[in-house]
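Please read the structure below before turning to the comments.
The values are calculated or read from the model by the stated rules, or taken from the named source; none is laboratory data. Since we're looking at a predicted model, the values are computed, not measured. As a convention, Cβ positions derive from the backbone with ideal geometry for all residues, glycine included, and neighbour counts pool all protein chains shown.
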Amino acid sequence: MNNNSHNHLLELEGVDAFYGAAHILHGLSLHVQAGERVALIGRNGVGKTTVVNTILGLAQLKGGAVRFGQKVVGRPRAYMAAQHGIAVVPQGRRIVANLSVEENLLLGAAVGRKGPWDVQAVYKVFPILQERAHTPGTALSGGQQQMLAVGRALMANPGLILLDEPTEGLAPVIVDQLAVVFNQVAEQGTALLLIEQNMSLVVRVAHRYLAMAKGSVVASGQVLNSRDGLHDLEQHVMV
Ligand SMILES: Nc1ncnc2c1ncn2[C@@H]1O[C@H](COP(=O)(O)OP(=O)(O)OP(=O)(O)O)[C@@H](O)[C@H]1O
Ligand SMILES: [Mg+2]
């Protein structure tokens, strides 16, 4: 197709979003095309999670446009994102307490499509989840819960995964394991929108970055996997 927008899985155009009277996103624009690996970076409190919350209907969209694929969505809701093949790994993981690891995974398939990801495929990339399949999800360590949250999102066979600070508070060895899986997921053609403050992960996974400040995107570019690239990115997250 000639028109690039035909490939957009997600687009926010001039978005203004609020929590009650608090105006958080100011004319924010971004898009993710099929198969892209985009990092969304920025300091604490700039509005990164509010981008996700706007997509899920947890922050109020009052100006601009949100599109899931070609569809303009006036009042976005979580189920609409899911129907359009957009899965979310929320900040803080949100594992369902009363369900086992395997039940948490199956929950992810409930709104899903057909594709390569099923319970066995998730166990293959995260073997520890198979060992702990019948353990309550919340009995897992922080790193294992994050693997479960990622696995649950993959179970939907999404076209796009939004990952909100998936490595926050995790040990470097776990971050390395997640980086391998994110790359594998991207190589299989799933687009990533990776919200991160860990720039060493960003350079390993993302190809393009968007930097936010005060509720809008203020810089963007290619991610260079080099020391200079790392240094450039870190400017956007340093306090
Ligand atoms: N439910 C809420 N009601 C009112 N204000 C909120 C709410 N949630 C977040 N905020 C405010 O919105 C702004 C953006 O918060 P947001 O969580 O989107 O930032 P963030 O970039 O994700 O930060 P972090 O890196 O710490 O996760 C902050 O000033 C925050 O205090
Ligand atoms: Mg956040």
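Can you work out which of the residues in segment 116-171 that are at positive phi and modelled with pLDDT of 95 or more is farthest from ligand 1 (Cβ to nearest atom)?
Going through segment 116-171, the residues at positive phi turn out to be 157, 165, 169.
If we keep only those that are modelled with pLDDT of 95 or more as well, we get 157, 165.
Working: Asn157: 27, Glu165: 6 Å.
In this case the residue turns out to be Asn157.
Which of the residues belonging to segment 5-34 are buried (at least 17 other Cβ atoms within 10 Å of the Cβ) and away from ligand 2 (no atom under 14 Å from the Cβ)? So that I can check it myself, show each step before the final result.
Narrowing segment 5-34 to residues buried (at least 17 other Cβ atoms within 10 Å of the Cβ): 8-12, 15-17, 24-25, 28, 30-33.
Result: His8, Leu9, Leu10, Glu11, Leu12, Val15, Asp16, Leu28, Leu30, His31, Val32, Gln33.
Is it fair to say Ala97 is farther than 29 Å from Ala22 by Cβ, outside any helix (DSSP H, G or I) and of a type in the set (A, V, I, L, M)?
Numbers: farther than 29 Å from Ala22 by Cβ: yes; outside any helix (DSSP H, G or I): yes; of a type in the set (A, V, I, L, M): yes.
Criteria met by Ala97.
Taking the stated definitions as given, is Ile128 over 16 Å from Thr190 (Cβ atoms), in a helix (DSSP H, G or I) and in contact with a helix residue (DSSP H, G or I) (Cβ under 9 Å, 6 or more places away or on another chain)? Before you say what the answer is, go through the steps one by one.
Details: over 16 Å from Thr190 (Cβ atoms): yes; in a helix (DSSP H, G or I): yes; in contact with a helix residue (DSSP H, G or I) (Cβ under 9 Å, 6 or more places away or on another chain): yes.
Spelling it out, Ile128 is indeed over 16 Å from Thr190 (Cβ atoms), in a helix (DSSP H, G or I) and in contact with a helix residue (DSSP H, G or I) (Cβ under 9 Å, 6 or more places away or on another chain).
Here are the criteria: (1) out of contact with any helix residue (DSSP H, G or I) (no Cβ under 6 Å at 6 or more places or on another chain); (2) surrounded by fewer than 17 Cβ atoms within 10 Å (Cβ to Cβ). Tell me which single one Ala97 does not satisfy.
Status for Ala97: all satisfied but (1).
Look at Arg94 and say whether it is over 20 Å from Ser220 (Cα atoms), at pLDDT 95 or above and among the charged types (D, E, K, R).
Details: over 20 Å from Ser220 (Cα atoms): yes; at pLDDT 95 or above: no; among the charged types (D, E, K, R): yes.
Criteria not met by Arg94.
Out of segment 15-65, which residues are assigned to a strand (DSSP E or B), more than 16 Å from ligand 1 (Cβ to nearest atom) and aliphatic (A, V, I, L, M)?
Val32, Ala65
List, please: which pairs have Cβ atoms under 8 Å, are six or more places apart or on different chains, and start with a residue in segment 106-134 that is within 13 Å of Ala149 (Cα to Cα) and end with one that is hydroxyl-bearing (Ser, Thr, Tyr) and at pLDDT 95 or above?
Taking only residues 6 or more apart or on different chains, the pairs are Leu129/Tyr123.
If you take the residues of segment 156-213 that are part of a helix (DSSP H, G or I) and of a type in the set (D, E, K, R), which of them is surrounded by the most Cβ atoms within 10 Å (Cβ to Cβ)? Before the answer, list the steps.
Filtering segment 156-213 down to residues part of a helix (DSSP H, G or I) leaves 172-187, 199-205.
Next, from what is left, pick out any that are of a type in the set (D, E, K, R): 176, 187, 204.
Numbers: Asp176: 14, Glu187: 10, Arg204: 17.
If we take residues in segment 156-213 being part of a helix (DSSP H, G or I) and of a type in the set (D, E, K, R), then Arg204 is surrounded by the most Cβ atoms within 10 Å (Cβ to Cβ).
Mind listing whichever residues of segment 149-179 are among the acidic types (Asp, Glu) and in contact (Cβ under 8 Å) with a residue 12 or more places away in the chain? Steps first, answer last, please.
Keep residues of segment 149-179 that are among the acidic types (Asp, Glu), which gives 164-165, 168, 176.
Matches in segment 149-179: Asp164, Glu165, Glu168.
Let's see how each residue does on (1) of a type in the set (Ser, Thr, Tyr); (2) under 14 Å from the mean Cα position of the chain (by Cα):
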| position | (1), (2) |
| --- | --- |
| Phe126 | no, no |
| Pro136 | no, no |
| Ile161 | no, yes |
| Leu170 | no, no |
| Val180 | no, no |
| Ile195 | no, yes |
| Ser200 | yes, no |
| Ser226 | yes, no |
| Leu233 | no, no |
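Could you please let me know if Gly74 is more than 13 Å from ligand 1 (Cβ to nearest atom), part of a loop (DSSP other than H, G, I, E, B), of a type outside the set (Asp, Glu) and out of contact with any strand residue (DSSP E or B) (no Cβ under 7 Å at 6 or more places or on another chain)? Give the derivation first.
On the way: more than 13 Å from ligand 1 (Cβ to nearest atom): yes; part of a loop (DSSP other than H, G, I, E, B): yes; of a type outside the set (Asp, Glu): yes; out of contact with any strand residue (DSSP E or B) (no Cβ under 7 Å at 6 or more places or on another chain): yes.
For Gly74, the condition - more than 13 Å from ligand 1 (Cβ to nearest atom), part of a loop (DSSP other than H, G, I, E, B), of a type outside the set (Asp, Glu) and out of contact with any strand residue (DSSP E or B) (no Cβ under 7 Å at 6 or more places or on another chain) - is met.
Any chance segment 176-193 includes a residue that's in contact with a helix residue (DSSP H, G or I) (Cβ under 9 Å, 6 or more places away or on another chain) and either within 16 Å of ligand 1 (Cβ to nearest atom) or among the basic types (Lys, Arg) (or both)?
So far as segment 176-193 goes, yes, one or more of its residues are in contact with a helix residue (DSSP H, G or I) (Cβ under 9 Å, 6 or more places away or on another chain) and either within 16 Å of ligand 1 (Cβ to nearest atom) or among the basic types (Lys, Arg) (or both).
Can you work out which of the residues in segment 53-65 that are surrounded by fewer than 23 Cβ atoms within 10 Å (Cβ to Cβ) and among the hydrophobic types (A, V, I, L, M, F, W, C) is farthest from ligand 2 (Cβ to nearest atom)?
If we take residues in segment 53-65 being surrounded by fewer than 23 Cβ atoms within 10 Å (Cβ to Cβ) and among the hydrophobic types (A, V, I, L, M, F, W, C), then Ala65 is farthest from ligand 2 (Cβ to nearest atom).
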